[in-house]
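This report concerns only the one structure given below.
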Amino acid sequence: MKFWKVGLAVMGLGLASSTAFADDWSTLNSWENVEVNAPAITAWAIVSRWDALDSWCPAFVKTEIKSGGTEPGAVRAITLKDGPTFTEQLLSVDKDGTDGYSYTYKIVESPLPIVDYVSKVRVIPYGDDKSVIDWQGSYKRRAKDNPTKDNDDAAVMKIVTGLYKACLANAKHMAESR
């Protein structure tokens, strides 16, 4: 499957980045992906580590499993480089690889200026020795009424998208170095 076809398919599902009207408290969506010159199974081995987000996402320095191990229902605490920690829960995992590999999770508690965050990380085969790592999330800004320029839709989308880009770039580098 061509890379652009994967992008169009995901966009067709309404998972592309979008912005909401400034006066609405709408659900926001962020979506980033990266093409990797490595098989899907190699990329999946890197990004699937629920118990080690810090191993591939440079924004984090610690991942601690609070309950449930690495199966759906598991809860982890992740710590950012500058100190804040937040909690996430694993909702589902698809390890069969038929149409890619994926996991879905939600943020339970966070210092980020967002709420109602649910996200999916997916690795899609793209030929024999290539893959696409896709990361999409939906959320709302925490400041429901009268957001400032530091916590309006554009600002919170910049935070999420920046995180996705940095993590995906590092995952790509790691997969291609194996």
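Values quoted throughout were computed directly from the atomic coordinates according to the rules given, and no laboratory measurement underlies them. Please read all numbers here as calculations on a predicted model, not as lab measurements. For neighbour counting, all protein chains shown are included, and Cβ atoms are generated from backbone atoms with ideal geometry for every residue, glycine included.
Summary of computed values
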| item | result |
| --- | --- |
| Residue list for the range 103-119, restricted to those being surrounded by 19 or more Cβ atoms within 10 Å (Cβ to Cβ) and over 14 Å from Val160 (Cα atoms) | Tyr103, Tyr105 |
| Given (1) assigned to a loop (DSSP other than H, G, I, E, B); (2) in contact with a Lys or Arg (Cβ under 8 Å, 6 or more places away or on another chain); (3) among the polar types (S, T, N, Q), number of the condition Thr148 does not satisfy | (2) |
| Selected residue [free of Cβ contacts under 8 Å to residues at least 24 places away in the same chain and either out of contact with any strand residue (DSSP E or B) (no Cβ under 7 Å at 6 or more places or on another chain) or of a type outside the set (Ser, Thr, Tyr) (or both)] from Lys130, Lys149, Lys144 | Lys149 |
| Count of the range 108-160 residues which are touching an Asp or Glu at 6+ places or on another chain (Cβ under 6 Å) and of a type in the set (Phe, Trp, Tyr) | 2 |
| Selection from the range 113-137 of residues that are out of contact with any Lys or Arg (no Cβ under 8 Å at 6 or more places or on another chain) and within 19 Å of Ile78 (Cβ to Cβ) | Lys120, Val121 |
| Condition met for Ala171 (surrounded by 18 or more Cβ atoms within 10 Å (Cβ to Cβ) and more than 15 Å from the chain's Cα centre (by Cα)) | no |
| Residue in the range 120-137 that is among the polar types (S, T, N, Q), surrounded by 20 or more Cβ atoms within 10 Å (Cβ to Cβ) and not in a loop (DSSP other than H, G, I, E, B) present | yes |
| Hits in the range 152-175 (condition: free of Cβ contacts under 8 Å to residues at least 60 places away in the same chain and closer than 16 Å to Ala59 by Cβ) | Lys158, Ile159, Gly162, His173 |
| Hey, Thr98 in contact with a strand residue (DSSP E or B) (Cβ under 6 Å, 6 or more places away or on another chain) and β-branched (Val, Ile, Thr) or not | no |
| Test: residue in the range 146-161 that is buried (at least 19 other Cβ atoms within 10 Å of the Cβ) and under 13 Å from Glu32 (Cα atoms) | yes |
| Hey, Ile78 closer than 20 Å to Tyr164 by Cα and either within 15 Å of the chain's Cα centre (by Cα) or surrounded by fewer than 17 Cβ atoms within 10 Å (Cβ to Cβ) (or both) or not | yes |
| Single unsatisfied condition, Arg178 versus (1) under 23 Å from Pro72 (Cβ atoms); (2) touching a residue at least 40 places away in the same chain (Cβ under 8 Å); (3) outside any helix (DSSP H, G or I) | (1) |
